[in-house]
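Taking it in order: structure first as structure tokens, then the write-up.
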Amino acid sequence: MTPVLEASGLTKRYGHRTALADCDLSVPAGRVIGLVGANGAGKSTLLHLACGLTAPTSGTIRVLGAAPAAGPAHLARVGFVAQGAPLYAELSVADHLKLGAKLNPRWDPDLARRRLARLDLDPRQRAGRLSGGQRAQLALAVAAAKRPDLLIFDEPAAALDPLARHAFLDHLMESVRELGAAAILSSHTLPDVARVCDYLIVLAGSRIQLAGEVTELLATHARITGDPTAL
Ligand code: ATP
């Protein structure tokens, strides 16, 4: 099975600023990855590299077995939702689906309709009038209806209250299972993503501090501390 994400010596600099330094990764197929780190740790940079929205300064990255290229073929395989779930404020919920159908060759109208029905959103509502939770859910419905092999969300839960965060993560996992896709979710804090991720990458100071299967990390934690309870 093709790994979700592979990186070797992956480095990204913006002028003199190093956003990501010398990252090595090999994440097996089908994982839901939690990418955790503080402000400025390099999370968005890693996600943008994975989407082909920016190129490495040095080193390599492969996503689903291919080098990301800024183009429709790669973006069709990767459903990327940028930080803040950007939508078109003046367009309605229904307009977002029409636009998605026009722009995406793999668009699945039934899946989009099913997801929206679960959300109880008024199709005529303008996106600018939706709550943060509803915006995140609409962005998820649009991203999932592209039938990507990998869903990438940059801090989807950051602005949501605990209830909306829970609902969003439940819907996200429904989509992941329905699509048989892998996923990457970034967050400032571990608890935001711990409930759903099965692989963890912790970034600090532009470097990977920790990466591994959650089950293995928990086993290591239990071995070191003698405490068998979950983190
Ligand atoms: P946040 O949680 O605040 O979104 P992050 O972990 O996503 O942070 P990045 O946005 O990847 O972090 O930023 C990593 C570093 O790279 C920061 O110091 C940031 O200022 C810098 N950086 C990111 N993008 C650019 C850019 N386009 N030009 C210059 N510097 C940048």
- The lone condition L218 fails out of (1) hydrophobic (A, V, I, L, M, F, W, C); (2) at pLDDT below 90; (3) within 14 Å of the chain's Cα centre (by Cα) is (3)
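Name the single residue, out of those in segment 156-180 being charged (D, E, K, R) and surrounded by fewer than 18 Cβ atoms within 10 Å (Cβ to Cβ), that is farthest from the chain's Cα centre (by Cα). Outline the logic, then answer.
Of segment 156-180, the ones charged (D, E, K, R) are 161, 165, 170, 174, 177-178.
From what's left, surrounded by fewer than 18 Cβ atoms within 10 Å (Cβ to Cβ): 161, 170, 174, 177-178.
Details: D161: 19, D170: 14, E174: 14, R177: 15, E178: 16 Å.
Residue satisfying both the conditions and the ranking: D161.
At least 3 residues that are within 15 Å of the ligand (Cβ to nearest atom) in each: list the strands (runs of 3 or more DSSP E) lying fully within segment 1-100 that qualify. Can you show your working first?
On the way: elements: 5-14, 17-27, 32-36, 58-63, 78-81.
Filter on segment 1-100 gives 5-14, 17-27, 32-36.
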- So R126, is it of a type in the set (K, R) and out of contact with any Ser or Thr (no Cβ under 6 Å at 6 or more places or on another chain): no
- Item | Any pair with Cβ under 8 angstrom, 6 or more apart, that starts in segment 1-28 at a residue that is more than 20 Å from A66 (Cβ to Cβ) and aliphatic (A, V, I, L, M) and ends at one that is within 16 Å of the ligand (Cβ to nearest atom) and assigned to a strand (DSSP E or B) | A19/K12; A19/R13; A21/T11; A21/R207
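The values are calculated or read from the model by the stated rules, or taken from the named source; none is laboratory data. Every value quoted in this text rests on a predicted model; they were computed, and no experiment measured them. All Cβ positions, glycine included, derive from the backbone under ideal geometry; neighbour counts span all protein chains shown.
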